[in-house]
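In what follows, a single structure is set out as structure tokens and then discussed.
The values are calculated or read from the model by the stated rules, or taken from the named source; none is laboratory data. Quick caveat: nothing in here was measured; it's all calculated off a predicted structure. A quick note on method: Cβ atoms are made from the backbone with ideal geometry, for glycine too, and the neighbour counts reach across all protein chains shown. We work out accessible area using only protein heavy atoms, side chains counted, and drop any ligands, DNA or RNA first. Shrake-Rupley method; radii C 1.70, N 1.55, O 1.52, S 1.80 Å.
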Amino acid sequence: MHTPQPNHEPDTQEAPPSGDPPSHRKSADIRQLADLFNGPVNIRSIALTGIFLYMSFFVLSIAKAIFLPICLALILSLLLAPLVRGLRNFFIPAPAAAAAILLIFVSGVLFGVVQLATPASLWLERGPQALRQVEQKFRSVKQSVVDVGKATQALEQAASLPDEGRPTPRVAVKTESLGGTLIDWTMEFIVGLVSTLILLYFFMASGDLLLEKLVKVLPRFSDKRRAVEIVRGIEKNISTYLLTVTGVNLCLGILIGSTMYVLGMPNPQLWGVMAGILNFIPYVGSIIGLGAITLAATFAFQQVNLIAMVSGSYFLLTALEGNFLTPKLLGKRLTLNPVVVLISVLFWGWLWGALGALLAVPFLASLKIICDHIEPLSPIGEFLGR
């Protein structure tokens, strides 16, 4: 009797040969699509992740008044944490140390605001006049643009000749009053400032309370020790980064203010403070500061060489700081990818305005340090670094 041979068919998971009919290829494509939906990383998980990120950013945007003071207070608490810890070493309780540091910090900020409020308001009032003077000084450069504008106007007049008998419609544009806008901004600023200061005090006064709670909830001793090492390392590196950047920006502000004083620029202390604050926003802050000080120099001086010296010295000092000094002090581990930094500044500036742009780099540096200390996230830390 003839015994039938076993039928050796190819595995259903293998792709059909290229010579198979179209129906077999279509069924294989359908199986592959089904595997994509059922695998660990599939279209559904990607879609859900995208929806989660979109909703998170949406919540951060509409709840700016809540999240912005929290983030700002947290960053400032990490910056001032070494001072609190140093006072605790002298047997000063954490609440008293936090109150003393906060009082000194607020007093210094208020003193600076009072000293710079008058010259800053004067320069803001001179802004339109400065723009007109810049236009007069560079009128020859704009002559070609004016000629093109005249030609365009002549074409528009020629196109509107058949409609000369028809009255020209007038459009009235209603805008919100400047006083109401300023009142809203002032109230929002005061509420945010008070909230930030209160949160900052409690963050500094609580000390290691959050770390102690984390250690208590972890079950094993090895996990407790690992958690303490990670938290201490992250806090130390973030504090080092923030203190280094703050010190560099302070020195840069003093140096630029002194340079402006030597060049005879009015209100040199104002430009030094402006440079130090704007330097927390890499690349974008330097460009804004260079444009502002060039406009002010154009208004203050008549000689083109003095204007060039002011702009050139500002550009040279910020370029040396950004390309040589700060990377040298921070080292490779804490140096960030310039492309990622620019994207972060643009994103947080769009989401939270000027304060968001100021916090963009501390956020990015904190994220990189956290990823460097947690092994599964180390590829992200490598991508964020230079």
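A quick yes/no check of all residues on (1) open to solvent by less than 80 Å² (accessible area, probe 1.4 Å); (2) not β-branched (Val, Ile, Thr):
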| residue | (1), (2) |
| --- | --- |
| LEU76 | yes, yes |
| ALA81 | yes, yes |
| ARG85 | no, yes |
| ARG88 | no, yes |
| PHE91 | no, yes |
| ILE101 | yes, no |
| SER107 | yes, yes |
| GLY112 | yes, yes |
| LEU116 | yes, yes |
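Residues in the range 24-54 that are at pLDDT 65 or above and open to solvent by less than 90 Å² (accessible area, probe 1.4 Å): ASN42, ILE43, SER45, ALA47, THR49, GLY50, LEU53. Selection of the range 47-64 for residues being in a helix (DSSP H, G or I) and either touching a strand residue (DSSP E or B) at 6+ places or on another chain (Cβ under 9 Å) or of a type in the set (A, V, I, L, M, F, W, C) (or both) yields ALA47, LEU48, ILE51, PHE52, LEU53, MET55, PHE57, PHE58, VAL59, LEU60, ILE62.
Considering VAL109, VAL114, the condition of being over 30 Å from ASP208 (Cα atoms) and at pLDDT 80 or above is satisfied by VAL114 alone.
Scanning the range 347-386 for residues that are at pLDDT below 80 and not in a helix (DSSP H, G or I) turns up ILE374, ARG386.
When the range 278-289 is filtered for residues that are more than 17 Å from LEU364 (Cβ to Cβ) and open to solvent by 50 Å² or more (accessible area, probe 1.4 Å), the ones remaining, listed by number, are ILE287, ILE288. Being modelled with pLDDT of 80 or more, more than 27 Å from the chain's Cα centre (by Cα) and over 30 Å from GLN269 (Cα atoms) holds for only one residue in PHE57, PHE91, and it is PHE91. For the range 296-317, a residue qualifies if it is surrounded by 16 or more Cβ atoms within 10 Å (Cβ to Cβ), of a type in the set (A, V, I, L, M) and under 31 Å from the mean Cα position of the chain (by Cα), and the qualifying residues are ALA296, ALA297, ILE307, MET309, VAL310, LEU317.
Would a scan of the range 225-236 turn up a residue that is at pLDDT 90 or above, open to solvent by less than 50 Å² (accessible area, probe 1.4 Å), of a type in the set (Gly, Ala, Ser) and more than 30 Å from GLN302 (Cα to Cα)? No: zero hits.
Evaluate the following for PRO219: is it surrounded by fewer than 13 Cβ atoms within 10 Å (Cβ to Cβ) and more than 24 Å from the chain's Cα centre (by Cα)? The answer is yes for PRO219. If you filter the range 273-315 down to residues that are closer than 23 Å to GLY247 by Cβ and outside any helix (DSSP H, G or I), you find that the one that is modelled with the highest pLDDT is ASN279.
Based on what the data block shows, is SER344 under 18 Å from LEU242 (Cα atoms), assigned to a helix (DSSP H, G or I), touching a strand residue (DSSP E or B) at 6+ places or on another chain (Cβ under 9 Å) and polar (S, T, N, Q)? Judged against the criteria, SER344 is a match. Residue pairs whose Cβ atoms lie under 7 Å apart, separated by 6 or more positions or on different chains, with the first residue in the range 64-81 and more than 13 Å from LEU355 (Cα to Cα) and the second assigned to a helix (DSSP H, G or I) and open to solvent by 30 Å² or more (accessible area, probe 1.4 Å), are LEU74/PHE203; SER77/PHE203; LEU78/GLU235; LEU79/LEU243; LEU79/THR246; ALA81/GLU235.
Among the residues of the range 331-345, those identified as farther than 16 Å from ILE75 by Cβ and without any contact (Cβ under 8 Å) to a residue 40 or more places away in the chain are GLY331, VAL339, ILE343.
Filtering LEU252, LEU242, LEU270, LEU320 for residues that are in a helix (DSSP H, G or I) and open to solvent by 30 Å² or more (accessible area, probe 1.4 Å) leaves a single hit, LEU320.
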